[in-house]
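Undergrad: My questions will all concern the structure given below.
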Amino acid sequence: MIVHRNRAAALAAVLTAAALSLTACGSAGSSAKSGDTAAKGGATKEAKDATSAADFGGMDALVAAAKKEGKLHVITLPRDWANYGKILDGFKAKYGIEIEEENPDGSSQDEINAITSRKGQDRAPDVVDLGSAFALQAVKDGLLAPYKTAGFEKIPATMKDANGAAVNDYGGYVSIGCDAKKVEVCPKTFADLLKPEYKGKVALNGNPTKSGSAFGGLYAAALANGGSLDNIQPGIDFFGKLKQAGNFNPVESTPATIEKGETPISIDWSYLNAGYTDQFKPKGIDWQVSIPVDGSYAQYYNQGVNKWAPHPAAARLWQEYLFSVEGQNLFMGGYATPAAFEAMKKDGTLDTAAAAKLPVVEKPFTTFPTQDQITAAKKVLTENWTKAIAG
């Protein structure tokens with residue numbers, strides 16, 4: 001599987017933007033038609049105001065309303081990212097609704113811009129897939145419509161807006177990838193990375209002051225060394241020790257540097273590292289992936305409905321599909337961890353074959369940093385990172 005690097009860069013933009021700021025619309029006729037369709041099924045609200053399938057009169061009525069609209073406009077969903085190709089095709093095949101796909105290589109900010117600049121236009125995106133910082137801001141700015149899917153209760157409270165305006169859907173953990181043909185014994189934890197046999201081998205996917213995955217690596221290292229979401233300094237200190245020991249490799253890890261043998265150990269998101277396992281196998285690279293038990297840190301993407309979606313019923317049906325058992329299991333085909341993983345594991349609906357291909361998570365991470373915590377962490381990182389690894 002080839003993972004879209006531009007989308008990975010978009011994730012970096014999420015956390016960079018978080019540090020800096022943290023801090024379209026369907027016509028009346030379109031909404032009215034959806035409402036009329038739903039009304040035949042006992043709807044209590046028009047599609048644009050529906051906060052659950054019950055407001056349409058149930059799932060059958062929601063499906064009927066969405067089919068009558070006949071179209072869904074999505075944005076920034078690369079088909080080779082988190083199995084979105086199969087997810088998009090699966091939705092279309094199941095409901096017979098045409099999907100317009102736009103700007104697959106874009107970023108979360110592009111999605112927000114499309115909502116705000118196309119308000120009142122039929123070419124506005126119906127739904128968005130946003131990094132956490134952007135999702136929090138979008139909810140605060142009132143850009144997303146509250147909607148609770150049938151699977152809403154399966155998502156941990158810390159992973160969703162209470163009203164359903166933005167809900168974590170899929171994501172990944174900070175992981176350690178390792179070329180087992182170039183490293184005799186692959187490291188499993190952050191503590192392992194300090195061992196002398198890893199001299200010059202440990203790299204990050206980018207600069208943590210600019211890269212989301214590298215920033216996540218620092219946060220994970222902090223948690224592994226007595227830090228917290230309020231204190232990233234131990235993570236910076238850890239990489240300072242790696243540098244002093246000669247283990248830290250300043251080359252920013254990419255698929256190309258891994259293939260060349262320049263970065264045989266790479267700290268990166270689990271769905272990227274896991275994807276490399278398949279990508280590199282034909283090239284003779286035995287890429288192994290571990291999620292460090294001493295530094296469990298994850299980040300998830302958020303789903304949301306444009307408050308002024310031109311196809312409000314189809315937008316809500318899309319959410320139902322993504323958070324259904326079928327949709328959540330499909331994300332694992334792209335090595336992403338679905339937000340409902342633990343609940344599905346308990347109730348027996350998890351695709352065990354797909355789950356078996358994911359790196360093992362011994363300590364699930366469900367408490368995420370707030371805007372203020374990320375802002376503070378980025379400030380500390382900006383002030384101290386360079387001097388920690390200087391020399």
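FYI, it's all coordinate maths here, none of it is from the lab. Everything quoted here is computed from the prediction, not taken from an experiment. For neighbour counting, all protein chains shown are included, and Cβ atoms are generated from backbone atoms with ideal geometry for every residue, glycine included.
Undergrad: Putting +1 on Lys and Arg Cβ atoms and -1 on Asp and Glu Cβ atoms, find which of Gly240, Leu229, Val293 reaches farthest to the positive end of the dipole of the range 172-298.
TA: Of the listed residues, the answer is Gly240.
Undergrad: What fraction of the DSSP beta bridges in the chain is antiparallel, stated in percent and rounded to the nearest 5?
TA: So the antiparallel bridges in the chain amount to around 75 percent.
Undergrad: What lysines does Lys181 reach when the alpha-carbon gap must be under 21 Å and sequence neighbours fewer than 8 apart in one chain are set aside?
TA: Lys195, Lys199, Lys201, Lys260, Lys281, Lys283, Lys357
Undergrad: Quick one: dipole size for the chain, taken about the Cα centre, charges +1 on Lys/Arg Cβ and -1 on Asp/Glu Cβ, in debye to the nearest 20.
TA: Using Cβ point charges on Lys, Arg, Asp and Glu, the chain gives about 300 debye.
Undergrad: Could you give me the radius of gyration and the Dmax of the chain, taking only the C-alpha atoms into account and expressing both in angstrom?
TA: Both quantities, over Cα of the chain: 21.4, 71 Å.
Undergrad: Could you derive backbone 3J(HN,Hα) for the range 254-263 from the dihedral phi with the Karplus parameters 6.51, -1.76 and 1.60 (θ = phi - 60°), listing whole Hz in sequence and x where the residue is Gly or Pro?
TA: Each residue's phi maps through the Karplus curve to give 9, x, 5, 5, 5, 4, 7, x, 6, 10 Hz.
Undergrad: Continuing with this model, one more query. Residue by residue through the range 227-234, what is 3J(HN,Hα) from phi via Karplus (6.51 cos²θ - 1.76 cosθ + 1.60, θ = phi - 60°)? Round to whole Hz and write x for glycine and proline.
TA: Result, ordered by residue: x, 7, 5, 8, 9, 8, 4, x Hz.
Undergrad: Using helices alone, I'd like the mean residue ellipticity at 222 nm for the chain: each DSSP H run of four-plus residues gives -39500 (n - 2.57), total over residue count, nearest 500.
TA: -12500 deg cm²/dmol
Undergrad: Divide, for the range 172-298, the radius of gyration over alpha carbons by 2.2 N^0.38 Å, where N is the residue count.
TA: In units of the globular-protein estimate, the range 172-298 measures up at 0.95.
Undergrad: Neighbouring Cβ atoms within 10 Å as the yardstick, rank Val325, Val289, Val128 fewest first.
TA: Val325, Val289, Val128
Undergrad: In the range 28-185, with Lys and Arg counted as +1 and Asp and Glu as -1 at Cβ, which of these residues, Gln109, Ala166, Ala133, has the Cα nearest the positive end of the dipole, that is, farthest along it?
TA: With unit charges placed on the Cβ atoms, the residue in question is Ala166.
Undergrad: Let me ask something additional. What does the charge dipole of the range 172-298 about its Cα centre add up to, to the nearest 20 debye, if the Cβ of each Lys and Arg holds +1 and the Cβ of each Asp and Glu holds -1?
TA: 240 debye
Undergrad: How do Arg79, Arg123 rank when sorted from fewest to most other Cβ atoms within 10 Å of their own Cβ?
TA: Arg123, Arg79
Undergrad: How large is ³J(HN,Hα), in whole Hz, for each residue of the range 81-97 in order, when computed from phi with the Karplus curve 6.51 cos²θ - 1.76 cosθ + 1.60 and θ = phi - 60°, using x for Gly and Pro?
TA: 10, 6, 6, 4, x, 5, 5, 4, 5, x, 5, 5, 5, 6, 10, x, 9
Undergrad: List Val293, Val139 from most exposed to least, where exposure is judged by having the fewest other Cβ atoms within 10 Å.
TA: Going from least to most buried by this count: Val293, Val139.
Undergrad: Considering only Thr337, Phe365, Gly348, whose Cα is most displaced toward the positive end of the charge dipole of the range 326-379, charges sitting on Cβ of Lys, Arg (+1) and Asp, Glu (-1)?
TA: Checking the options against the dipole of the range 326-379, the answer is Phe365.
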